[in-house]
Amino acid sequence: MATVDATGLVTAVSAGAATITATSEGKTGSTAITVTLVPVANVAVSPISASLMAGTTRQFTATTTDANNNTLTGRAVSWVSSNTSVATIDATAGLVTAVSPGGPITITATSEGKTGTASVTVTPVPVATVTVSPSAPTISVGDVLSLTTTLRDANNNVLTGRVVTWNSDAPSVASVNPTTGVVSGASPGAATITATSEGKTGTAYVNVRAVSSGAGPLRVSSRNPRYFENGDGQIVYLTGSHTWSNLQDNGTIDPPPAFDFAAYLNFLVAHGHNFTRLWTWEQAKWTAEISQDYWITPGPFMRTGPGVALDGSSVSLLGLEDDGEERGFAGPVGADQGNAFAQNSLGLLYEKGQGVPAEVVRAHMWFNLSGAQGHEPGVKNRDRAAGLMTKEQVAEAQKLARVWKPVAR
């Protein structure tokens, strides 16, 4: 606690109590002394300021000195943060943990009533990568599509709350809202859409196609075999219905009552259906499982196999346009009556030999008759077929078209 020399000079060593004794000729005298610590006069915190990324830590230290600027050791120091939502600090160890972006905040060290401070600023973890989704979409002219981004740090952690800006390298093809990432198809072509955040970029390659007519045969989608797509690559989700009547007049009297086609179309529209599953009635009369005769008119679909139906007729295709209106029967029904859609349909059947002999001349004739009425598919099919025919075949088909006369309904 304290030492004393022969002259009686006492030197305080450490805090505590001690007794000093003087002796002369066998006689003694003593006194009690108390040694106290030199008080802390100043507290200095190091580092005096720091910038930390959210989620990181930094060790802070405190140095205590007396009034003569002598360093004091072994003094208790306590720590506190002015805003623990930005950064916390261990109360005894002085380890700072950055919590969320903000600041500067104040870190305070206290020892024996004296304080020292440091400032801390917490910055966001920087963006390392930007990923745009979808990465290679296809849209039609006039369509809009919302692109999204996923931002990650260097450790692949997802980051949120960051500012993202967008731009297109070909706004005449596909423009993009600079803040929302909504892409608008303007004209056929391709455009690169770039998303930027904190200097890092990600891209999407947008293909814009012309507005599709929806025409063309359906095929299983190469992108998702659970769906079909048309000739333009557009996904077509089929929702349909089933009818026993097969769009034929049917009933228990002969002739049967007319099939209410308008009501059936209304049913499809009301239920959001875009295709039907049909049964083929080949007989004109059915007696099985019922107590009376059931009559059916010739079916509306062209037979794909050889021969004729049981009633001796060659049933044919019912033509429908996009607006859902009945255009009449193909072949000997609607086509012979001058229906442009039915004529084009019958031309396709003759061209492919489905239910009828494969005759390119007769196919061209029906295409020509259909196109002459302004039916665009008929025009396209006529021109396409002509490219596969000889001049003599085309001349013969044109002659047949000139002499053709519609049949009265």
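The values are calculated or read from the model by the stated rules, or taken from the named source; none is laboratory data. Because the structure is predicted, anything quoted here is derived from the model rather than measured. Don't worry about glycine lacking a Cβ; one is built from the backbone with ideal geometry, like all the others, and counts go over all protein chains shown. The area values use the complete protein model at the heavy-atom level, side chains included, leaving out ligands, DNA and RNA. Shrake-Rupley method; radii C 1.70, N 1.55, O 1.52, S 1.80 Å.
Listed values, structure above:
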{"read-out": "Rg/Rh ratio calculated on Cα atoms of the range 63-203 (Kirkwood radius)", "value": "1.33"}
{"read-out": "The range 335-396 and the range 18-46: distance between their alpha carbon centers, rounded to Å", "value": "123 Å"}
{"read-out": "Residue-wise HN-Hα coupling along the range 171-182, computed from phi with Karplus coefficients 6.51, -1.76, 1.60 (Hz; x: Gly, Pro)", "value": "x, 6, 9, 9, 8, 9, 5, x, 10, 9, x, 7"}
{"read-out": "Per residue Cα convex hull volume in Å³ - calculated over the range 5-65", "value": "114 Å³"}
{"read-out": "Segment Ala22-Ser133, extension gain: residue separation times 0.36 nm, minus the distance between their alpha carbons", "value": "30.8 nm"}
{"read-out": "Carbon plus sulfur fraction of accessible area for the range 65-208, probe 1.4 Å, in percent", "value": "51 percent"}
{"read-out": "Alpha carbon centroid spacing (whole Å) that separates the range 108-134 from the range 1-15", "value": "49 Å"}
{"read-out": "Within straight-line cross-link reach of Lys399, lysines at Cα separation under 28 Å, skipping those fewer than 8 residues along the same chain", "value": "Lys352, Lys380, Lys391"}
{"read-out": "Ratio of the Cα radius of gyration of the range 135-212 to 2.2 N^0.38 Å, where N counts its residues", "value": "1.14"}
{"read-out": "Quarter of the Cα convex hull surface for the range 58-131, i.e. its orientation-mean projected area (nm²)", "value": "6.0 nm²"}
{"read-out": "Label-to-label distance, nm, for residues given as Ser140 and Asn42 (7 Å Cα→Cβ offset)", "value": "7.9 nm"}
